[in-house]
Amino acid sequence: MIAKQVLRSVLLVVVLGSVAIWANKEFQKSQAEPTAAAEETTMPAVQGDQVVMTYFISGGRCQNCRKIEALARETAEMDFKQALEDGRLVFRIIDVDEAGQGHYVDDYQLTAKTVVLSHLVDGQEAEWANMSKVWEYLGEPQAFHAYLADQIEKYLGS
């Protein structure tokens, strides 16, 4: 009789724990920011060099993921304001889980959330770089900015 009550209590705890985990996941999904589809950036037609800075995301986004986005955007807006305004630099966010966006995983050999800088010459991609060290520089904003800025300057021919 006691064994039956213990088993019933254990099963109840397991079921309630599972429901709590499911509810937490659903809550986190509902709190997610708009996806890249909502932030789709129109690519301006530019002659010569252009850099497209893309922050590729998938699934849920942790605090560090949001920090990478903020630091990358800050680098573009603070260090390359004129290039952003004249379309020589484009910042965008793409969720590879969105319909039609999965090809980027293969195109850029993505294995995690990351920033990819793509160098376009007269509208054609000439080269690209996966800036995967953004994770290493997350706690050092100046190093983070310098890391991205060096590659952007190289591509823009500055």
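For the reader, a short list of remarks on this structure follows.
- Selection count where residues are in contact (Cβ under 8 Å) with a residue 40 or more places away in the chain, within 11 Å of V51 (Cα to Cα) and aliphatic (A, V, I, L, M), scope segment 108-143: 4
- Selection status of A45, loosely packed, with under 13 Cβ neighbours inside 10 Å, closer than 18 Å to S118 by Cα, aliphatic (A, V, I, L, M) and modelled with pLDDT under 80: yes
- Within the set Q82, Q124, the sole residue that is at pLDDT 90 or above, surrounded by fewer than 18 Cβ atoms within 10 Å (Cβ to Cβ) and polar (S, T, N, Q) turns out to be Q82.
- Flag if A146 is without any contact (Cβ under 8 Å) to a residue 40 or more places away in the chain and either under 16 Å from M53 (Cα atoms) or in contact with a Phe, Trp or Tyr (Cβ under 6 Å, 6 or more places away or on another chain) (or both): yes
The values are calculated or read from the model by the stated rules, or taken from the named source; none is laboratory data. The model shown is predicted, which means the values in this text are computed figures rather than measured ones. Virtual Cβ from ideal backbone geometry, glycine too; neighbours counted across all protein chains shown.
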